[in-house]
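The values are calculated or read from the model by the stated rules, or taken from the named source; none is laboratory data. Note that the structure is a prediction, hence the values are computed from the model and not measured. Quick reminder, even Gly has a Cβ in these numbers, built from the backbone with ideal geometry, and neighbours come from all protein chains shown. Heavy atoms of the whole protein, side chains included, go into the accessibility calculation; ligands, DNA and RNA do not. Shrake-Rupley method; radii C 1.70, N 1.55, O 1.52, S 1.80 Å.
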Amino acid sequence: MSEELNEKFENAVNTMITHIGEDPTREGLEKTPHRVRKAYEFIYGGYKENPKEILQKALFTSSNDEMVLIKDIEFYSTCEHHLLPIIGRVHVAYIPDGKVVGLSKIPRVVDVFARRMQIQEQLTEQIADAIMDTIAPKGVAVVIAARHMCMEMRGVEKINSITTSSALRGLFKKDQRTRSEFFSLINSPTGTRY
């Protein structure tokens, strides 16, 4: 970012601080605009990454044609309506069709889309579509369960509510047995952590 854009951002943070009734020149807040800018650059870093490139860098030929599942991928995102946190876990499965992807690339793709202003429903679709389009598996399934601070910190203030969304592609949508196996696996106790 240019110095001019950085300055505009930090001035906007000062305006927000003043608007809520604080003094942006007080000791604890003097460097807050700079810290907020740096935090936002990290939190919204997903705009600078291409999920397809990440997946394409780690594709390997494989005869495996059974489900590959990564459970409980934690993520943090931001509600695009209120700029408040969304905190949750993602379960991602795919059925290879001649290619598998390096396991670390799936959580990286989750982070790319999560580190953008989001709604949960779209986040779920984006993860599934990126994997389906890039790896070309027989099927993809994504389930997200998350807490939304826009519902907990303000508005209806429902602190125990969890929002669940799913995106099913290929065999996961067409084949009941495949879908049932996926949901059984993601709902089974995790057990011992290795």
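A Cβ distance below 8 Å, combined with a sequence gap of six or more or placement on separate chains, defines the contacts here; from the stretch 67-94, residues that are over 15 Å from E121 (Cα atoms) and without any contact (Cβ under 8 Å) to a residue 40 or more places away in the chain reach residues that are charged (D, E, K, R) and surrounded by fewer than 20 Cβ atoms within 10 Å (Cβ to Cβ) in the pairs I73/R89; E74/R89. Checking each residue in the stretch 85-98 for being surrounded by fewer than 16 Cβ atoms within 10 Å (Cβ to Cβ) and over 11 Å from the mean Cα position of the chain (by Cα) picks out only G98. Inspect the stretch 117-137 for any residue being of a type in the set (D, E, K, R) and in contact with a Gly (Cβ under 9 Å, 6 or more places away or on another chain) and give the result as yes or no. No, because not a single residue in the stretch 117-137 is of a type in the set (D, E, K, R) and in contact with a Gly (Cβ under 9 Å, 6 or more places away or on another chain).
When the criteria are applied in full, G102 fails the requirement of being over 16 Å from M67 (Cβ atoms), at pLDDT 95 or above, within 19 Å of the chain's Cα centre (by Cα) and crowded, with 19+ Cβ neighbours inside 10 Å.
For the stretch 141-168, the set of residues classified as surrounded by fewer than 17 Cβ atoms within 10 Å (Cβ to Cβ) and of a type in the set (G, A, S) consists of A145, G155, S161, listed by residue number. If the condition is being outside any strand (DSSP E or B), of a type outside the set (F, W, Y) and open to solvent by less than 60 Å² (accessible area, probe 1.4 Å), then the stretch 42-77 contributes G45, G46, P51, I54, L55, A58, S62, N64, M67.
Considering only the stretch 106-120, I want to know if a residue exists there that is more than 30 Å from V36 (Cα to Cα) and either of a type in the set (K, R) or open to solvent by less than 60 Å² (accessible area, probe 1.4 Å) (or both). If you could, list the steps in order and put the result at the bottom.
Residues of the stretch 106-120 more than 30 Å from V36 (Cα to Cα): none.
No, that holds for no residue.
The sole residue among S188, S161 that is within 19 Å of the chain's Cα centre (by Cα) and not acidic (D, E) is S161. Scanning the stretch 51-61 for residues that are without any contact (Cβ under 8 Å) to a residue 60 or more places away in the chain and closer than 25 Å to Q126 by Cβ returns E53, I54, K57, A58, F60.
Out of the residues in the stretch 169-181 that are out of contact with any Leu (no Cβ under 7 Å at 6 or more places or on another chain) and touching a residue at least 40 places away in the same chain (Cβ under 8 Å), which is most open to solvent (accessible area, probe 1.4 Å)? Before you say what the answer is, go through the steps one by one.
Initially, the stretch 169-181 is screened for residues out of contact with any Leu (no Cβ under 7 Å at 6 or more places or on another chain), giving 169-177, 180-181.
So of that shortlist, the ones also touching a residue at least 40 places away in the same chain (Cβ under 8 Å) come out as 169-172, 181.
Working: R169: 46, G170: 20, L171: 62, F172: 0, E181: 88 Å².
Checked the stretch 169-181; the qualifying residue most open to solvent (accessible area, probe 1.4 Å) is E181.
Out of everything in the stretch 1-41 that is free of Cβ contacts under 8 Å to residues at least 40 places away in the same chain and within 19 Å of the chain's Cα centre (by Cα), what residue ends up being surrounded by the most Cβ atoms within 10 Å (Cβ to Cβ)? Let's see the steps before the verdict.
Taking the stretch 1-41 as the starting set, the residues that turn out to be free of Cβ contacts under 8 Å to residues at least 40 places away in the same chain are 2-40.
So of that shortlist, the ones also within 19 Å of the chain's Cα centre (by Cα) come out as 39-40.
Working: A39: 11, Y40: 14.
Only one residue fits best here, namely Y40.
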